[in-house]
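One structure is given below, encoded as structure tokens.
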Amino acid sequence: MRAATARFMSGSMRGFKRLALGLCLIAGGAWAEPARVVSINLCTDQLAMMLADPGQLVAVSHLARDRRSSTMVAQAKAYSITYGRAEEVFLKAPDLVLAGTYTTQATVDLLQGLGVEVALLAPPSSLADVGDNLREVGRLLGHPARGEAMAAAFEADLAALRADVVRRPRAALYYANGYTGGDRSLAGEILVAAGFANVAAEVDLTDAGRLPLEQLIQAAPDTVITGRPYPGNSRAEEILAHPALDGLRRGGAVTDADWVCGTPHVLRAIAGLADERRALEAE
């Protein structure tokens, strides 16, 4: 009986906690500042590290320490890490969990069932999402003014960086399995902001999709920008070593951690790519 009563009281308290947070959110759009935050998504990891108060963020995902995909490896070492399992996250007693819309649904469902508040952020698909995500995570952490200031600074820097060129060299993004990004993708918008024209748009790939190697060669872009290959033997990446691409790769531009998430680090990607464009034009 005592055990049953304890479980009932525990569940009631968790339910009350969720209700209280929900009421705070409804009341004038406010959000109760969470004292303990755990992030289980690479992109929310980085946004939270930028915006959280000292001691507020208690853990990030293990991907935050992976140099192939994270721009904030050094900062991530200050936090404990998780592998996205509901049990380990729950044991950290978070007031709020930051996750992506593609985070394992079972993890999200389990945490919510345990009374944990989970906020889901969609993966960025445009440069406009960078400012939006900064504002949203700032709000979720209880620091809306901080999020607004960082978003405004990013948008001003982006406006100053956007290339205004008459003739845009034609470039193609090319990844494992022949995947490419169109103009309505984050990578595609980075490409255009740096002063390139995106070949994907010429073959009616506005969002993202597969571009056959034969079609890429026929398009004859001025340059091909590929991803940095992961170590190991991936058949999906074999296409990037095809000799037909040797003559199309110009310069050293590759997509890396700066391109992955909708954070202010995309400004470095744009600046670096703009340097590649100017070098190409000088040839």
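The values are calculated or read from the model by the stated rules, or taken from the named source; none is laboratory data. These figures come from a predicted structure and were not determined experimentally. Note that each Cβ is placed from the backbone with ideal geometry, even for glycine, and that neighbours are counted across all protein chains shown. The area values use the complete protein model at the heavy-atom level, side chains included, leaving out ligands, DNA and RNA. Shrake-Rupley method; radii C 1.70, N 1.55, O 1.52, S 1.80 Å.
Search the stretch 136-162 for residues being small (Gly, Ala, Ser) and touching a helix residue (DSSP H, G or I) at 6+ places or on another chain (Cβ under 6 Å), and hand back the single one that is nearest to Asp204 (Cα to Cα). Among them, the one singled out is Ala151.
Residues of the stretch 151-204 that are in a loop (DSSP other than H, G, I, E, B), of a type in the set (A, V, I, L, M) and surrounded by fewer than 21 Cβ atoms within 10 Å (Cβ to Cβ): Ala163, Val165, Val166, Val203. If you check Ala128 against the conditions, is it open to solvent by less than 20 Å² (accessible area, probe 1.4 Å), in the same structural domain as Ala86 (by TED's automatic domain parsing) and modelled with pLDDT of 95 or more? So Ala128 does not fit the description; no.
Could you list all residues from the stretch 35-68 that are charged (D, E, K, R) and surrounded by 19 or more Cβ atoms within 10 Å (Cβ to Cβ)? Scanning the stretch 35-68 gives a single hit, Asp45. Within the stretch 267-275, can one find any residue that is under 13 Å from Arg170 (Cα atoms) and open to solvent by 40 Å² or more (accessible area, probe 1.4 Å)? Taking every residue of the stretch 267-275 in turn, none turns out to be under 13 Å from Arg170 (Cα atoms) and open to solvent by 40 Å² or more (accessible area, probe 1.4 Å). Answer yes if at least one residue in the stretch 77-95 is hydrophobic (A, V, I, L, M, F, W, C) and within 29 Å of Arg184 (Cα to Cα), and no otherwise. The answer is no; no qualifying residue exists.
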